[in-house]
1. Once you have the Cα-Cα distance between Thr134 and Lys113, take 0.36 nm times their residue separation minus that, and quote the gain in nm to one decimal.
2. What are the ³J(HN,Hα) couplings of region 129-143, residue after residue, when phi is run through the Karplus curve with 6.51, -1.76, 1.60 and θ = phi - 60°? Round to Hz, x for glycine and proline.
3. Karplus couplings for region 10-17 from phi (6.51 cos²θ - 1.76 cosθ + 1.60, θ = phi - 60°), rounded to Hz, Gly and Pro as x?
4. Using modelled backbone amide H atoms (1.01 Å from N, in-plane), which distant-in-sequence or interchain residues come within less than 5 Å of Gln124's amide H?
5. Quote the charge dipole size of the chain about the Cα centre in Debye, to the nearest 20; the model charges only the Cβ of Lys and Arg (+1) and of Asp and Glu (-1).
6. Relative to the first principal axis of the alpha-carbon coordinates of the chain, what is the inclination of helix 30-46, with its axis defined by its Cα atoms, in degrees from 0 to 90 and to the nearest 10?
7. Using only helices, what value at 222 nm comes out for the chain when you add -39,500 (n - 2.57) per DSSP H run of length 4 or more and divide by the total residues, to the nearest 500 deg cm²/dmol?
8. Based on a Kirkwood Rh over C-alpha pairs, give the Stokes-Einstein translational diffusion coefficient of the chain at 37 °C and viscosity 0.692 mPa s in µm²/s.
Amino acid sequence: MSRKYKFVDQTELYFTTSSVIYWIDAFTRTEYKDILVESLRYCQQEKDLNSHAWCLMTDHLHLIISTRGRRMEETLRDTKQFTVKRILAAIEENPVEGRKEWLLWMFERAGQKKAGNDKYQFWQHDNHPVVLFTPPIMQQKLDYLHNNPVKAGFVCHPEEWLYSSVKNYYTTEMPLLEVMLLV
């Protein structure tokens, strides 16, 4: 793995991207997305995670995060491990999941390619952390993150996307997840 993508200083603010293996659209159902939100909430409360911004797309998750002491890579690892177990179980148990066999086959196929996997691999292994060392870079990543659903063509305006922190920043509506505002 490149040295460019490492959590070098745990006191810094980072922009991260966690992607589903093969960029599979796994987060298409509300119950799968809610599992991830629940996991982030748990990490905020129990794993020293400061979430400053987030956006869950169908095949990846963007975060702007910092920590209150615990190593960020450990917290993201734990989040990924928790979500994969819960999401795979939700897929297996979902009677209306039309892609069930294909999804499980793809995750199992990916799991067989990497040593250390129990059976499945859901997430790509890296998080691509990028340190946000200046206010303009921080603002650029925040704008990028919130505009991602618009650029993908899912919504016309960022605040229409439910699974992001855009409501925390730009509306008075109740957000799904509390964050520590950057601006």
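None of the figures in this text is laboratory data; all of them are computed from the coordinates on show. On a predicted model such as this, the values are computed, not experimentally measured, just so you know. Reconstructed Cβ throughout: ideal geometry from the backbone, glycine too, with neighbour counts over all protein chains shown.
1. Numbers: separation 21, 0.36 × 21 = 7.56 nm, distance 3.88 nm.
The Thr134-Lys113 span can extend by a further 3.7 nm.
2. x, 10, 6, 9, 8, 9, x, x, 5, 4, 5, 4, 5, 4, 5
3. Result, rounded to whole Hz: 5, 8, 8, 8, 10, 9, 10, 10.
4. Answer set, sorted by chain and number: Ser19, Val20, Ile21.
5. The calculated dipole for the chain is roughly 600 debye.
6. Result, in degrees: 50.
7. Numbers: 5 runs with 75 residues, N = 183.
Result for the chain: -13500 deg cm²/dmol, rounded to the nearest 500.
8. Details: Rh = 17.0 Å.
Value of D from the Cα-based Kirkwood radius: 194 µm²/s.
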